[in-house]
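The values are calculated or read from the model by the stated rules, or taken from the named source; none is laboratory data. These numbers come from a predicted model, not from an experiment. With ideal geometry, Cβ positions are generated from the backbone for all residues, glycine too; neighbour counts draw on all protein chains shown.
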Ligand SMILES: Nc1ncnc2c1ncn2[C@@H]1O[C@H](COP(=O)(O)OP(=O)(O)OP(=O)(O)O)[C@@H](O)[C@H]1O
Ligand SMILES: Nc1ncnc2c1ncn2[C@@H]1O[C@H](COP(=O)(O)OP(=O)(O)OP(=O)(O)O)[C@@H](O)[C@H]1O
Ligand SMILES: [Mg+2]
Ligand SMILES: [Mg+2]
């Protein structure tokens, strides 16, 4: 029996939580002697006020969608994958190898091939933790943390010693061939005849991310595999009774998860940097955890949470770029948003539920 | 059974106008109840009627929205369980509140330690426990970890907890749901002993026989309200059943003699060693023919679970299984590929597992999702790559209709149904698959009599449709009522087979304790002496 | 107005970016002018920052760090009227000045001083993240040391493989202790914020350390042998002074151009003996005349001295 | 403890003995280094142990340590007293614990999200406040003198310094650490004792396994869990203070460098037990110390690049975990808020 209408739970609760987070952020900004209003307008203007700002917001959101989905798929199998960071980094390696060593004449061909490369490398990096968890009971949280460090070391080695052009100071691969560069959404808009700014990093990968949201939704809630993943995640003995093989499902779920995290590389490595740099993931793997949890492990929620974080990233970036507010403030704001919408949500929900319950009681009383 | 008259003395417990709502659900509505001192008071009611809630309020676990509680004639506010304990109330919950990886001693002293250090409390408790064990024949090894105890012994621990806290008023919520007849009988003798000492007991149960046997008074709840309170001596099971359910209930299974045909399942010399190397099955051989129900009686933990799991296609991890099992003449693989629960289902084996909440259902899934559970590969539930959710929902709705699952809402999560209704979902799912062989474990554990009647009918109907049924139950009554043949399991062996019409609970009870006709001492293979001496004596 | 963009490490990294800031601050002090400054949050922002600054009329735009190289190559052409200066990287474009430092030369001098100060014949090098740039420091240092003590040995450690390697003073301290236990009595820290822990531990344990980038001698007076200063501040200052007339092309900030040097001031005056100073001066002259060739790791990714 | 349970201990001691025999001097330095490196890990690990044993998962160990490192360094700098710094470190960490408690106990929120938020909060706030207060980009000025915890020479250390075996161990390793190291090590038997020998420990373990059992015994689940979370805060506070005022001399942004996560890994490794936590964190410290001492392992044919030596502790962890440690079962009620009525 629901205590309050679904819309209130889905819209009202997060909204009020968000307002609370913003309120506290405003206090923090006041405390460091800046104007919250100016900060807010700068953020909104910077993130949403121009095609340019939107471009960045969506670009970041694309990263978070992939890592968020990665966390989500594993989470449904009751696996806490905090290895998104390493898997995304390895995905970048996959993209780089594919694009540097395969002759791909056009981006439309390069994209699917690179996606395979990214997903394969990301999945490969998730395989061992998954296998060890399933077969040996090695806790996936430890192994994925360890694999993040190992991925960083491996990537460092490969970039510095193998992929770096001789004489280059930058531990980064060579640029990918021109032909494989993904069109930015602004270019697509221009080709379709309207002007949507230029030079913003959001590219076709955003559309891939939207498709991924949809496909993952289908996978989890519409396919047998998804059903098995969810059933296994809720009850392992139940899954065994139902003929669902725990080892297979653990491995498959983690492969999908790792593959998704790896796919993030399409956006940042292939779409934006157009070469592989060190630390290309920049913490998106960890943000993915927050995004997935805040999105209540549902693709639509993840999309919204990713957009919110994209907004915070870009708005916050603008704030740091063009005002004297230090960039760490944005981290604080992110923290508050995560805290209030993700962990303290019941602080808002409980009184709301009580309100709706009394409202229902009194209205029922009035009818009688 | 005459409790001493308590005419002048104040009632041990008096509840006045207790109401409690969980969100929009009114679990208790304006309840009044008086329990005289030194009596055993029964409370019955359908699943979800509000019995557990009412008792939890009395024990300070929930706070009532309205109402008054009088203990020994004095009105007190029971804000938490500590208050209740201090007022002399003890409660054994329906779902035990034990810490599984603690020892018995640790569980007993939790919350009533004597000081900041454990050692003195532990040694004191050890002494008290020894005394209690002697006084009430409630012996358990104080140093054993609770998860290693059988449910029956876990319940003893719960009772010991209450006695250790010197409870004068003892509430037991469905204590016999998990007990063998012998254990239940033993429990009742303890309760009578306690009553003789002047203690007051409130007993919740779904078993009318127990009400009639031991209580002085009985109260009936329905949909959150107290609909009747009567003297046990002035009522009958039929009347109580009707009060409870609101309609007439058939208390006995109505079935015609079996007409068995060709064997469906042939098990030869089935053995099993678990991952730790313990022998769980020691050469089981049995046959089940189409159109008959083979009942397996036995104290739980004697290999029934392993038997069901192996036949169901999922022997526990690391187990070694040997022997030969054939279904309709074809061998069933017992390990490796081919031995999985999905394949078994395709081979025509249905399975109602012993624990509906851990295995049979995914509690967070909706009812309709659970209707496809285990059968998610079935062609009618799938459309190419995708699952056909509409088809599953239609199927679920129809099944819930036929099996009278309440509420009839297939979008509700399984955990929001009462236990009886959860069980109906599982039964509907497995029976309606029309399997050649149906494995059933504990079909009616904790289910109210209305639902029991229904589930029993369905099982018999399946038999009459010519299917083979393996029924495992610790309820001897149930075994005797449903089975066409009864096999008794003890320590991984079949001790013997009987025909229900030609045996008694007494004889079966002996077999369950590992005692055969030729051998009248308890078998050495690890049967605790207290079980042996708890055996029911000729209650036919 | 000119503009300055700091790399991801941030303005106050106590080393490279901070040196750039110092240069800009000096310019402000001397000219009273104003400038814009930005700190990067993410890789993707680099291009955005460059374009926005260029479009808003900042000129010249100075950026610190090789990581801007790739982006600048893309962007510079779009703003032919804006001058850019990039530090630590060569970008070939008509409106870009590429400022590169000969860290190997400065490190060579530091190596000479270490070699003369070391009694044990063992010195240490601790780098931050394991990237080529830092190997350049390492290699120059090793060559300088070997030129004094050909039989001596150089212990080499890197803090890590993630950006956390730049901010882990605890690890830096432990690496220092590890090197000390292996006999090192002078340790050269090229590790950003991690270096703070290295210099601290060296001071605590009573051995000498060598700072990097900025002059860190004063952090532990009398215990920091010297600092291999990399005059990013000069590069920034000069670029700011040149303003829109900034000269494109490669600008090599070598010893001769006072782009790199070993710092001697009152904090370490007592440590630098006269013969040490003489040896350094001699090496400087040798390098200037081409008599002493210090190998640059970057040319072939190898180091003759290790 | 059976053989399997004490495997980490045997392994760790085995490595130490082998190392000491092979290269005594290096081993002494390496083990000393391991002791220092493990101290913050151990404290954070025990912090997690209290919290998680009470059923509150805590992935915010990193953030709490970071906050503590910052507040400790700031106050130690301002007052010149390491002890006041320690108090401030504990205070800073406790403040975050309170938030975690509020979110995961009172408001029955998601404990993982709360932990993530705390990590972000600490990472942002430390630099923000630090920059505002000291203007050094989040660094605090270097601590000197009494602003730091100095090494303590234990009685008799000099006397036995030259005795073989005992000398290197007692004078070289055991003596000469800062007080906080001894505190950390003392916390292991104390934790064991509290957990298994006191009423509080019994209740704490019970509330992490089955909060309903505690509730029906008339004990407040909320109060117990808050206490546990607060203890976690105090221990993280000591860990952070040790990082900033014991091991180094001031705060540098992000100076915890992932140690909170390693502590978490160690906690799982140790299966939530105090003695095993000691050995698990020692193992991590030891592996790191080994990697520090042999940065370029020359295997004759190939020189193992430093990147791989850097990753070696993590690789070995995975191998050990998969090879020996087996399944780790967390406290049964862990991660779940105690909800009585829905
Ligand atoms: N903790 C709870 N939170 C919300 N609702 C609850 C809770 N416990 C019980 N309820 C509601 O209260 C009603 C009464 O439940 P209760 O457990 O008292 O039934 P019962 O009579 O003990 O049933 P059974 O015979 O199955 O044990 C249920 O229908 C349920 O909806
Ligand atoms: N914590 C709870 N939150 C919501 N509903 C609950 C809760 N606990 C019990 N219920 C509901 O109360 C009803 C009765 O539940 P309860 O657990 O008392 O007995 P039951 O499930 O009917 O079990 P049994 O068949 O074993 O007697 C069910 O509808 C159940 O979903
Ligand atoms: Mg019930
Ligand atoms: Mg009940």
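Quick notes on this one:
- Any chance residue A:335 is within 14 Å of chain D (Cβ to nearest Cβ), more than 28 Å from residue D:111 (Cα to Cα) and assigned to a helix (DSSP H, G or I): no
- When residue B:69 is tested against (1) within 16 Å of ligand 3 (Cβ to nearest atom); (2) away from chain D (no Cβ under 14 Å); (3) free of Cβ contacts under 8 Å to residues at least 60 places away in the same chain, only condition (1) is not met.
- Here the condition is being under 24 Å from residue A:24 (Cβ atoms), away from chain C (no Cβ under 14 Å), in contact (Cβ under 8 Å) with a residue 12 or more places away in the chain and in a helix (DSSP H, G or I); of D:105, D:113, it holds for D:105 alone.
- Remark: residue A:343 matches the filter, which requires a residue to be free of Cβ contacts under 8 Å to residues at least 12 places away in the same chain, crowded, with 24+ Cβ neighbours inside 10 Å and in contact with a helix residue (DSSP H, G or I) (Cβ under 9 Å, 6 or more places away or on another chain).
- Each residue in segment B:36-49 was checked for being within 15 Å of ligand 3 (Cβ to nearest atom) and either surrounded by fewer than 24 Cβ atoms within 10 Å (Cβ to Cβ) or modelled with pLDDT under 90 (or both), and 5 of them qualify.
- Residue in segment B:48-64 that is over 29 Å from residue B:247 (Cα atoms) and more than 16 Å from ligand 2 (Cβ to nearest atom) present: yes
- Among the residues of segment D:43-80, those that are assigned to a loop (DSSP other than H, G, I, E, B) and within 22 Å of residue D:106 (Cα to Cα) comprise D:54, D:55, D:56, D:57, D:58, D:59, D:60.
- Under the condition of being assigned to a loop (DSSP other than H, G, I, E, B), touching a helix residue (DSSP H, G or I) at 6+ places or on another chain (Cβ under 8 Å) and touching a residue at least 12 places away in the same chain (Cβ under 8 Å), the residues counted in segment D:130-188 number 13.
- Only listed residue being under 29 Å from residue C:115 (Cβ atoms) and modelled with pLDDT under 90, chosen from C:258, C:275: C:258
- Per-region count, segment B:6-28, residues more than 18 Å from residue B:228 (Cα to Cα) and part of a strand (DSSP E or B): 5
- The set of residues in segment B:307-318 that are touching a residue at least 24 places away in the same chain (Cβ under 8 Å) and buried (at least 20 other Cβ atoms within 10 Å of the Cβ) comprises B:307, B:308, B:310, B:311, B:312, B:313, B:314, B:315.
- Per-region count, segment B:372-409, residues under 28 Å from residue B:305 (Cβ atoms) and within 12 Å of another protein chain (Cβ to nearest Cβ): 7
- Subset of segment B:410-434 that is more than 16 Å from ligand 1 (Cβ to nearest atom) and more than 14 Å from chain A (Cβ to nearest Cβ) - its residue that is surrounded by the most Cβ atoms within 10 Å (Cβ to Cβ): B:427
- Output for segment D:189-199, where each listed residue is in contact (Cβ under 8 Å) with a residue 12 or more places away in the chain and within 14 Å of chain B (Cβ to nearest Cβ): D:192, D:195
- Scanning segment C:1-39 for residues that are within 20 Å of the chain's Cα centre (by Cα), within 14 Å of chain D (Cβ to nearest Cβ) and not in a helix (DSSP H, G or I) gives C:6, C:7, C:8, C:9, C:10, C:11, C:12, C:13, C:14, C:15, C:39.
- Subset tally (residues that are over 30 Å from residue B:332 (Cβ atoms) and within 16 Å of ligand 3 (Cβ to nearest atom)) for segment B:408-443: 7
- All of (1) touching a strand residue (DSSP E or B) at 6+ places or on another chain (Cβ under 9 Å); (2) under 23 Å from residue B:397 (Cα atoms); (3) within 16 Å of ligand 4 (Cβ to nearest atom) hold for residue B:417 with one exception: (1).
- The one condition from (1) under 25 Å from the mean Cα position of the chain (by Cα); (2) modelled with pLDDT under 80; (3) more than 9 Å from chain A (Cβ to nearest Cβ) that residue D:302 does not meet is (1).
- Breaking point among (1) out of contact with any strand residue (DSSP E or B) (no Cβ under 7 Å at 6 or more places or on another chain); (2) touching a residue at least 40 places away in the same chain (Cβ under 8 Å); (3) away from ligand 2 (no atom under 12 Å from the Cβ), for residue B:448: (3)
- When segment B:98-128 is filtered for residues that are touching a strand residue (DSSP E or B) at 6+ places or on another chain (Cβ under 9 Å), crowded, with 17+ Cβ neighbours inside 10 Å and within 24 Å of residue B:177 (Cβ to Cβ), the ones remaining, listed by number, are B:101, B:102, B:104.
- Among (1) away from ligand 2 (no atom under 16 Å from the Cβ); (2) within 22 Å of residue B:188 (Cα to Cα), the one test that residue B:76 misses: (2)
- Residue check for residue B:176: within 14 Å of another protein chain (Cβ to nearest Cβ) and touching a helix residue (DSSP H, G or I) at 6+ places or on another chain (Cβ under 9 Å): no
- Check on residue B:78, surrounded by 17 or more Cβ atoms within 10 Å (Cβ to Cβ), over 27 Å from the mean Cα position of the chain (by Cα), away from ligand 3 (no atom under 16 Å from the Cβ) and within 14 Å of chain D (Cβ to nearest Cβ): yes
- Set B:455, B:449: member being more than 14 Å from chain A (Cβ to nearest Cβ), over 17 Å from residue B:350 (Cβ atoms) and within 16 Å of ligand 1 (Cβ to nearest atom): B:449
- Within segment B:50-66, the residues that satisfy the criterion of being within 14 Å of chain D (Cβ to nearest Cβ) and away from ligand 3 (no atom under 16 Å from the Cβ) are B:58, B:60, B:63, B:64, B:65.
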